[in-house]
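The block underneath contains the structure these notes are about, expressed in C-alpha cells.
Nothing in this text is a laboratory measurement; each read-out follows from the coordinates by a stated rule. On a predicted model such as this, the values are computed, not experimentally measured, just so you know. Quick reminder, even Gly has a Cβ in these numbers, built from the backbone with ideal geometry, and neighbours come from all protein chains shown.
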Amino acid sequence: MTTPLFEPLITGPRIVPVLVLDQPEDAVSLARALVAGGLRMLEVTLRTEAALACAEAIAAKVPEAVVGLGTLTRPEHFAQARDAGARFLVSPGLTDKLAQAAHDTGLPYLPGIATVSEALIAREHGFLEQKFFPAMLSGGAPALKGMAPLLQDVRFCPTGGIRAEMVTEILALPNVFALGGTWLTPADAVREKRWDEIERLAREATALVP
Ligand code: 3PG
C-alpha cells in the first residue's frame, strides 16, 4: 500500500513551522504572519483542546497556507484531522493501527521514526516519506547521512531540536525533503500576539533555503 506524497504539496521553502495553538483567532493571525514571511506548510499539533478548530480556521481563512495536523497518536485522530481540512498528517511514531488509519484517510502522512528499524517498519507499511524525530537527540545530520545508503528510497523530514542555524546543513542532505520545528513560533511571541516578530522569523528562515 502506498499513500500520496507530501513533497508535491510543497510550493515554497521546505520548512514546516510546528504550531501549538489555543485560539482559532490567533491561529489565523499566526498563519497569516508565517505566510507573509514566506512559509506556507503549517503543521498544527494535536496537543491542545483547540487544535482541530485552529486547523479548520486556518484552512478556511488562510487559503495560501497548506495546513496539516501533527501529533496524531491515536487511530481516531486521523479522521478528525481529515474532517478539519488537513492536507497532510504527521505522527511522532508509528503503530499498525496508526498506519491503517493513515491509509484510510488517503492523505499524505509522515510517520515518526528515530531508528533504522523503525524506518524499515514504516517503509513496510508503504511510507517512503518519514518524520525523523526527535531529530537532534537521535543524531541529527550525521544520523541522516548514516541512514542514506541503507534506506535509499526513504526520505526524511527531521524535526525536534532544530534551530535556524542548522537549517542550511540539514536541508542540503539528499535524503531530506523538508524540516520542521517550533523555533519559528516562540510561545511568548504567540501569547503576546507579536505577529511582526513571527513574520520576521519566517522571513529569516525563508532566506536560508536555497
Ligand atoms: C515536533 O513535534 O515536530 C516537535 O515537537 C518539534 O520539535 P521542536 O519543538 O524542538 O522544534
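Backbone amide hydrogens, once placed in the peptide plane, bring K131 within less than 5 Å of G112, I113, C157, excluding anything fewer than 5 places away on its chain.
Each Lys and Arg Cβ is given +1 and each Asp and Glu Cβ -1; about its Cα centre, the chain then shows a dipole of about 260 debye.
For segment 124-180, a crude dipole built from +1 on the beta carbon of Lys and Arg and -1 on the beta carbon of Asp and Glu, taken about the Cα centre, is about 100 debye to the nearest 20.
The lysines whose alpha-carbon is closer than 27 Å to the alpha-carbon of K145, local same-chain residues fewer than 8 away aside, are K131.
Rounded to a whole number of µm²/s, how large is the Stokes-Einstein D of segment 7-208 at 4 °C and 1.567 mPa s, given Rh as the Kirkwood radius over C-alpha pairs?
Details: Rh = 16.7 Å.
Approximately 78 µm²/s, per Stokes-Einstein.
Under a 5 Å amide H cut-off, with hydrogens placed 1.01 Å from N, V66 pairs with M41, L42 among residues at least 5 apart or on other chains. Once C-alpha pairs closer than 8 Å and six or more residues apart are averaged by separation and normalised to the residue number of the chain, the relative contact order reads 23 percent.
Just tell me which lysines come within less than 20 Å, Cα to Cα, of K61; anything on the same chain fewer than 8 places away is out. Filter leaves K193.
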